[in-house]
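Read through the structure below, which is laid out as structure tokens, and then see the notes.
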Amino acid sequence: DVKVTQSSRYLVKRTGEKVFLECVQDMDHENMFWYRQDPGLGLRLIYFSYDVKMKEKGDIPEGYSVSREKKERFSLILESASTNQTSMYLCASRTGGGNEKLFFGSGTQLSVL
Amino acid sequence: KNEVEQSPQNLTAQEGEFITINCSYSVGISALHWLQQHPGGGIVSLFMLSSGKKKHGRLIATINIQEKHSSLHITASHPRDSAVYICAVRSKRDDKIIFGKGTRLHILP
């Protein structure tokens, strides 16, 4: 069964801490994405990557960075966590071609105190 | 205005009812996805459509490219269908995926 694995289900951090959210997929997908999901706002794209060492800003990249050193791993970094970054973070990967499909991790609920 | 609009936002129905959730979009698309999210759970893909209609069990998804509209139907609904259903489109313009805000469905036993 295909899998997108996020390293933590729940995370509590303090304001100003550097936070790493890890995502690993086992499907050899080139396309990977980081979203945050907030009540009433739906999913918003933070960053995405179409290949190793490649990254593109999404709609809300401020306060975040990403790293993709290996094809299977896409990491989201909060350089200095702030309370407005408290959210559910979802990683996804996507197959290419004409029969594309989206696969999501189970999410990381991050609370910044 | 959101580029992907879903209706209704919330829907409560009795077990066995026929359910329809609608999705309208304003951009040119390469694909449209229907996704399901259970409370506290991850998101799973139900369908990808680029034209026509697809069926999987009690779920049917249709798309009308000219009208920029898609519907998700659930026949003989069951309490386990209670979830948030999300419509998402892949934009032809920049290849990004744009999500609707979801429809929260609650099926009463």
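Matching residues to (1) at pLDDT below 95; (2) of a type in the set (A, V, I, L, M, F, W, C); (3) touching a Lys or Arg at 6+ places or on another chain (Cβ under 6 Å):
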residue	(1), (2), (3)
A:Leu21	no, yes, no
A:Leu45	yes, yes, no
A:Met54	yes, yes, no
A:Leu78	no, yes, no
A:Ser87	no, no, yes
A:Thr95	yes, no, yes
A:Gly107	yes, no, no
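For region B:39-57, give me each residue that is open to solvent by less than 70 Å² (accessible area, probe 1.4 Å), more than 8 Å from chain A (Cβ to nearest Cβ) and not aromatic (Phe, Trp, Tyr).
The answer is B:Gly40, B:Leu46, B:Leu49, B:Gly52, B:Gly57.
Of all residues in region B:92-102, which are of a type outside the set (Val, Ile, Thr) and touching a Phe, Trp or Tyr at 6+ places or on another chain (Cβ under 9 Å)?
B:Asp95, B:Lys96, B:Phe99, B:Gly100, B:Gly102
Residues that are within 11 Å of chain B (Cβ to nearest Cβ), within 12 Å of the chain's Cα centre (by Cα) and farther than 30 Å from B:Asn10 by Cβ: does region A:10-20 have at least one?
The answer is no, given that none of the residues of region A:10-20 is within 11 Å of chain B (Cβ to nearest Cβ), within 12 Å of the chain's Cα centre (by Cα) and farther than 30 Å from B:Asn10 by Cβ.
If I ask for residues that are in a strand (DSSP E or B) and of a type in the set (A, V, I, L, M, F, W, C), which ones from region A:27-60 would you list?
A:Met32, A:Phe33, A:Trp34, A:Leu43, A:Leu45, A:Ile46, A:Phe48
Given (1) part of a strand (DSSP E or B); (2) hydrophobic (A, V, I, L, M, F, W, C); (3) within 14 Å of chain B (Cβ to nearest Cβ); (4) more than 30 Å from B:Gln9 (Cβ to Cβ), identify the lone condition not met by A:Val24.
(3)
Would you pick out the residues in region B:58-109 that are within 14 Å of chain A (Cβ to nearest Cβ), over 23 Å from A:Tyr47 (Cα atoms) and either among the β-branched types (Val, Ile, Thr) or free of Cβ contacts under 8 Å to residues at least 24 places away in the same chain (or both)?
Passing the criteria: B:Val84, B:Thr103.
Taking only region A:75-113 into account, find how many residues are in a strand (DSSP E or B) and either open to solvent by 50 Å² or more (accessible area, probe 1.4 Å) or more than 9 Å from chain B (Cβ to nearest Cβ) (or both).
Final tally of qualifying residues: 14.
Which condition number in (1) over 23 Å from B:Leu49 (Cα atoms); (2) at pLDDT 95 or above is the one that A:Tyr35 fails?
Result: A:Tyr35 passes all but (1).
Which of (1) of a type outside the set (A, V, I, L, M, F, W, C); (2) closer than 23 Å to A:Cys91 by Cα; (3) surrounded by 15 or more Cβ atoms within 10 Å (Cβ to Cβ) is the odd one out, the single condition B:Asp81 does not satisfy?
If we test B:Asp81 against (1) of a type outside the set (A, V, I, L, M, F, W, C); (2) closer than 23 Å to A:Cys91 by Cα; (3) surrounded by 15 or more Cβ atoms within 10 Å (Cβ to Cβ), just (2) comes out false.
In region A:74-87, which residues are within 10 Å of the chain's Cα centre (by Cα) and not β-branched (Val, Ile, Thr)?
A:Phe74, A:Ser75, A:Leu76
Could you please find all residues in region A:37-50 being in contact with a strand residue (DSSP E or B) (Cβ under 6 Å, 6 or more places away or on another chain) and open to solvent by 20 Å² or more (accessible area, probe 1.4 Å)?
Hits for region A:37-50 are A:Gln37, A:Asp38, A:Arg44, A:Tyr47, A:Tyr50.
Which of the residues spanning region B:21-34 are in contact with a Cys (Cβ under 8 Å, 6 or more places away or on another chain) and either farther than 17 Å from B:Ser7 by Cβ or within 12 Å of chain A (Cβ to nearest Cβ) (or both)?
B:Leu32, B:His33, B:Trp34
The values are calculated or read from the model by the stated rules, or taken from the named source; none is laboratory data. Computed from a prediction, not measured in an experiment: that's the story for all the values here. Note that we place each Cβ from the backbone using ideal geometry, even for glycine, and neighbour counts take in every protein chain shown. Please note that ligands, DNA and RNA were not included when accessible areas were found on the heavy atoms of the full protein model with its side chains. Shrake-Rupley method; radii C 1.70, N 1.55, O 1.52, S 1.80 Å.
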